[in-house]
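First the structure, in the form of structure tokens, and then the observations on it.
The values are calculated or read from the model by the stated rules, or taken from the named source; none is laboratory data. Keep in mind the model is a prediction, meaning the values are calculated, not measured. All Cβ positions, even for glycine, are placed from backbone atoms using ideal geometry, and neighbour counts span all protein chains on display.
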Amino acid sequence: MAKMALAIGFSICFLLLIAGGNGLSATSSCGFYCFLQPRPNQHLDVSIYKKLECTHLVYGFASLTTKFTLETPSSFDLPDAAFLGNFENLQLLKQTTQHPKKLILGIHVTGNLGFLSNAATRLTVAQNAVQMAKSNDLDGLFWYFDAESIWNVNLVKFFKTLKEEITTQEAKLEVILALGSRRIARAMHVLDELEPVLDTVYLIGSLVPSSEDPTMAIAVDPLFGSSDVPVEDSISDNAELLAKHGFPRRKIVVGLTGWSFSFRLKSKYDEIHHGSPIKGPGAPGPLTRRKDGRLAFHEICKLAADSNLQLDDTAMVTSFMADDTWYSVTQPGEQLKTKLEWIGENGFGGVGLASIAADDQKDECGEGVFPLHRFVGQHFQCQAKKAKKGTDSCTRLCTWRPSNDSMLDFNNFAPNWCSHLVLSTLEINSMYGNMSKNPFIEETVKNYNAWKVKEKPYLLLSVGDGQTNDIWSMALAFPNRREKLALSLKNHLKDLKADGIVISWTEPGPENFIESRALDQFIIELRKTLPDDAIIVLATSINSAFKNRYNVVELSKHLNYFLVQGYRFHSPKSYFTGHHSPLFMSNALVDPKNCIEGLATEWMNQGASRNQLIIEYTAEGMVQYFSGYRSDDKLFGAVANPIQVNLRSKPPGVVTQSDVCEAMKSNVTKIHRLEDLGIPYLVKGDEFIAFDDEQSMQIKAVWTSLKNFGGLALYALDSDNVDGECPADRPFPLLRSLVRAQVCDRCLNTDEITAIATNSTSNCRPNFQVSCSYRIPSPKDKKPLSPDMIPFNKCTEVVVSEAELTADGSIQYRTSNALAVLDDLFNATSTYGSNTSIVLSMRCGMKEAEFERLMEDVSSLEESILHHLNSHNYDGIELRCDNVLKPATKKAFNELLSGLIRRFKDERRENGNCPKTLSIRVPAWNTKLTDFYSIDTLNILQHVVLEPFQVDVGSMQLVSPLFGDGNGDQGHQAIDSTLNRWLSDGLHRQVILIHLPTYAIVQRKSTKPTTRSSDYLTEASKGMPFEMIEQKELCTKLAVKDTRMQYDSVAAYATSATSDNIEVISYETAETVTYKTKYALRERLGGIGFMALNEEDFAGSCEKGAYPLLEAVSKNECIVNA
């Protein structure tokens, strides 16, 4: 009975992928996993399973004995003289029905976990498991470890041993590991090492983090987070989290459960939902008699049919109340279909349903036998492999308005500038929904089709852009009109071979409930009418959004994106001057929320998902005219004359980027910048021109990226100096600024990975490296970072500093305890970081003349370095000699680098291991590499490391800013400008590694100014001394400071002023590190590094977890260490 309870108890975890029927095709590579769990003494009648269309049938669960042998699930599994065993009966089922295609032995390991820590017992268990599967003609092994503490290197070693044993016994077995959602965080540090030795990871969706609390009600398999369901309890969040940390989607099977959950309430009057406190599990079902509140479908179906069902269509869960019990149920229907569609559309390798015992085997509910399994088989489809459409750029929509005077020249347009090209507009020309053809759009599409490039942006058609509410409301007022308009759009999409539609009802947008409802119904009708892969985007107006005229939750189910209009916050016909596209909330505005930041916040408050929001900017400026006298102290918000707008500008109130450029040439023009709003404007006589320039667009792109919105858009691309007239020879300046500054979760594609591997010195180099500098602690350090606290799983290499090359060629350490710490470091590496390299960072600690003499005998120096590396078991070396290099020593230093590389390769040929690595560190100020280095030699190094630096930006010192000021030149020193110069010297991208500081820079001045304006900061920074502080001291200081972001530089800073001093701190945050990591990935660089782990918050003192900066890199789904 104990084994029966174990088997049934485990069954709550699984719903696996079913193929066949109208769902999975016979050629599909994904699977539908079903679970069959016999009683301990059951002889199976397999005939009742003939109609199941599972691709994988998991039969179990076998258990591990104290002697490390496997005990089969049933005593009738093996054959006897009088009968066929269960294994043979299942083989006959497989042969006669072709379902399942594969028989998998489930193995549940709950005790005897000590075998994992011993190589001999690991081998014994592996041999016994493979032998049992092989002798019974099974196709795989499904492992479930019922323990929290197994997620370490020993588990990796076991699966490596298992794979080796499968090869040794010449078996053909799939290896599958079950992982509960609540254990992903614990397993995260070994997932990348497990991936190569597993064929599939099975995500148990019902074992959510909240399920660890027995006093909490849990809903069945919520797909998304909602007001009741935290996002960490959702299938989507956990499946995506697993995909981000080591496993390709094709290797992930998402497991659902066929069991319904029941919970007794403390009071029958309680309101209850996911997460509510409960008295305990519900009463056992009459047939399965489970004591954990789980009920089979045939035990709950009639009660559910007689109850008032509560549908949460956000989380995709159904529940009801009966007496003092709350039930969360699994049923065939739209919610289950939505879950199956999400799993398939997001490219996961399959679905699972646990278990057969939870389904109706005798049609007691009147829905046929096995209704849950049949529903999955009929509706689940894996994602079809399609030819890649669009480009690899971040989501960036560009709207072009073709006309007689404005046709896009594709020959002078880079395909990666835009992910989607929107052509505006198709007009609704009557109340009956007919669409007028636009000959200029047709001509543009013809040129687009003739565009000879490898990849093109998606092509979208804008509908109704600029048309007023009377036209839109009449076109959508009745069902037959909505249907006619949808069919007309479908025909236009087909005729022009476009990829999607942008619905542009924004003048001024829906204004009442009737119009909002009509728009909802039209979007639903349009989604049904257009092809399944058609892209539908809703352009939204500012007024309608603030008035809650969009049914955000419902529309999000049918739209790909919401296009959030970020450029009509002020009208040129207003009676006071203002800006049409302010970014930040500020008291400088009449309504501080009337800006892009406030609007985006409003959208999220209404339930919009960040990844569906596309923030739209414009290339058009806005002109107003002052009315009479105005004070130079108040130009923004001054009295304006709206009558002049119609008389003096065409179109009224609109200026192009070329117009702005021409206005700047005038001697009477004054340019102003409102830092609090992130925008510029200019004044020329009585003209007030609000506009965006390259710097403000850079700020907006950085802000959009840091906030993790789905993307950005640029409206009126045709106004962005397309011909390069003014500024001369700089076409599309605003678009290029957005392209330069936007980052996203864009990962390396297969071709790029192949290219990097081709240029690598060996297969030992990860595609993207995370380099962690470690300073050997001094004996005087009060709270040193000990080697056993280093997060080896987050670093591809640990670089040990504090070594110095002396003038006589010897290598010395600057701390007396260095060798003892190194011993501890290598011991920790063998325990925690088997795949992490340990690299020596060595500084040339001498004068230039001494270095020049040392370079006279390069061969001896090579020998000395190699001897030191081998004596201490280092995996490589990083040289820091830029301080003594000069053109005269370029040749000799190149010989040193080349000689070391040759010696490292010779060693590899002798021992077969990965060669030692060689890197150099170069300061950002060295912008002419060819003066000191041979570029050909640098290109075969492991890294060329760009060191952290600080730069004076006028108002403060910033640490490692990513960008300059963005206005046509690079401005101050920055990572981006340095990299561009290095690349122009011929340095390969994949060898460049950006080092970021974990320390912060503190600047102080003893005199307090009279104001807190930008001038105050400028004055405060002049001659201001600075010091470096570590993260745990930083967080204490930030608690009492005004913290801000320098968006154009991607740098954070904080300020405070007291009666005694002014203090300014510049530092990295998790957000800036995330941004710079995405930048490095976008630019296909070699990696990211940190200087140094010692200054990180390694103890979690700031209550953000240990190593928050390093963790920001580890969370990035695109970090591939293949």
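Overview of values
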quantity: Some residue of segment 135-151 being under 17 Å from Pro73 (Cβ atoms), in a helix (DSSP H, G or I) and either in the same structural domain as Arg183 (by TED's automatic domain parsing) or more than 38 Å from the chain's Cα centre (by Cα) (or both); calculated: yes
quantity: Boolean, Val197 is closer than 26 Å to Leu113 by Cβ, more than 24 Å from the chain's Cα centre (by Cα), surrounded by fewer than 21 Cβ atoms within 10 Å (Cβ to Cβ) and not hydroxyl-bearing (Ser, Thr, Tyr); calculated: yes
quantity: Test result for Gly377, buried (at least 20 other Cβ atoms within 10 Å of the Cβ), touching a Phe, Trp or Tyr at 6+ places or on another chain (Cβ under 9 Å) and in a helix (DSSP H, G or I); calculated: yes
quantity: Pairs where the first residue, in segment 552-570, is acidic (Asp, Glu) and the second is at pLDDT below 95, C-beta under 9 Å, 6+ apart; calculated: Glu554/Asp313
quantity: Test: residue in segment 968-977 that is among the β-branched types (Val, Ile, Thr), in contact with an Asp or Glu (Cβ under 7 Å, 6 or more places away or on another chain), buried (at least 18 other Cβ atoms within 10 Å of the Cβ) and at pLDDT 90 or above; calculated: no
quantity: Identity of the residue in segment 844-875, in contact with a Lys or Arg (Cβ under 8 Å, 6 or more places away or on another chain) and not in a helix (DSSP H, G or I), that ends up nearest to Asp824 (Cα to Cα); calculated: Tyr874
quantity: Matching residues in segment 940-963 - criterion: being under 15 Å from Ile1065 (Cβ atoms), small (Gly, Ala, Ser) and modelled with pLDDT under 90; calculated: Ser955
quantity: Flag if Asn827 is touching a residue at least 24 places away in the same chain (Cβ under 8 Å) and touching a helix residue (DSSP H, G or I) at 6+ places or on another chain (Cβ under 6 Å); calculated: no
quantity: Lone qualifier among Leu946, Leu958, Leu941, Leu897 - being over 17 Å from Leu979 (Cα atoms), buried (at least 18 other Cβ atoms within 10 Å of the Cβ) and either within 31 Å of the chain's Cα centre (by Cα) or in the same structural domain as Gly1089 (by TED's automatic domain parsing) (or both); calculated: Leu958
quantity: Top-ranked residue of segment 923-938 - restricted to ones that are of a type in the set (A, V, I, L, M) and farther than 21 Å from Arg902 by Cα, ranked as farthest from the chain's Cα centre (by Cα); calculated: Leu929
quantity: Of all residues in segment 1028-1087 being of a type in the set (Phe, Trp, Tyr) and part of a helix (DSSP H, G or I), the one that is nearest to Leu677 (Cα to Cα); calculated: Tyr1075
quantity: Subset of segment 393-441 (residues that are assigned to a strand (DSSP E or B) and closer than 27 Å to Thr704 by Cα); calculated: Arg396, Leu397, Cys398, Thr399, Trp400, His420, Leu421, Val422, Leu423, Ser424, Thr425
quantity: So Lys497, is it closer than 17 Å to Val445 by Cβ and out of contact with any strand residue (DSSP E or B) (no Cβ under 7 Å at 6 or more places or on another chain); calculated: yes
quantity: Long-range neighbours under 8 Å by Cβ, at least six apart or interchain, first residue in the same structural domain as Lys437 (by TED's automatic domain parsing) within segment 459-482, second among the hydroxyl-bearing types (Ser, Thr, Tyr) and at pLDDT below 90; calculated: Ala475/Tyr432; Arg481/Tyr432
quantity: Selection from segment 1035-1063 of residues that are out of contact with any Phe, Trp or Tyr (no Cβ under 6 Å at 6 or more places or on another chain) and among the aliphatic types (A, V, I, L, M); calculated: Leu1038, Ala1039, Val1040, Met1045, Ala1051, Ala1054, Ala1057, Ile1062
quantity: Scope segment 876-894; condition surrounded by fewer than 20 Cβ atoms within 10 Å (Cβ to Cβ) and either among the small types (Gly, Ala, Ser) or not in a helix (DSSP H, G or I) (or both); matching residues; calculated: Asp882, Asn883, Lys886, Ala888, Ala892
quantity: Residue in segment 382-405 that is surrounded by fewer than 22 Cβ atoms within 10 Å (Cβ to Cβ), within 30 Å of Val46 (Cα to Cα) and basic (Lys, Arg) present; calculated: no
quantity: Members of segment 263-317 found to be crowded, with 17+ Cβ neighbours inside 10 Å, closer than 12 Å to Ala219 by Cβ and without any contact (Cβ under 8 Å) to a residue 60 or more places away in the chain, listed by number; calculated: Ile272, His273
quantity: Meets criteria (over 22 Å from Phe893 (Cβ atoms) and either part of a loop (DSSP other than H, G, I, E, B) or not hydrophobic (A, V, I, L, M, F, W, C) (or both)) for Arg908; calculated: yes
quantity: Which listed residue is in contact (Cβ under 8 Å) with a residue 40 or more places away in the chain, farther than 16 Å from Ser801 by Cα, out of contact with any Ser or Thr (no Cβ under 6 Å at 6 or more places or on another chain) and of a type in the set (S, T, N, Q), from Ser860, Ser837; calculated: Ser860
quantity: Lone qualifier among Tyr575, Tyr629, Tyr625, Tyr617 - being under 22 Å from Leu717 (Cβ atoms) and among the aromatic types (Phe, Trp, Tyr); calculated: Tyr617
quantity: Yes/no for Asp676 being part of a loop (DSSP other than H, G, I, E, B) and more than 15 Å from Gly621 (Cβ to Cβ); calculated: yes
quantity: Selected residue (only one of Val130, Val156 is in a helix (DSSP H, G or I), more than 28 Å from Phe32 (Cβ to Cβ) and of a type in the set (A, V, I, L, M)); calculated: Val156
quantity: Number of positions in segment 570-589 that are in contact with a Lys or Arg (Cβ under 7 Å, 6 or more places away or on another chain) and either surrounded by fewer than 24 Cβ atoms within 10 Å (Cβ to Cβ) or not assigned by TED's automatic domain parsing to the domain that holds Val683 (or both); calculated: 2
quantity: Qualifying residue in segment 443-455 (condition: in the same structural domain as Gln565 (by TED's automatic domain parsing), in a strand (DSSP E or B) and hydroxyl-bearing (Ser, Thr, Tyr)); calculated: no
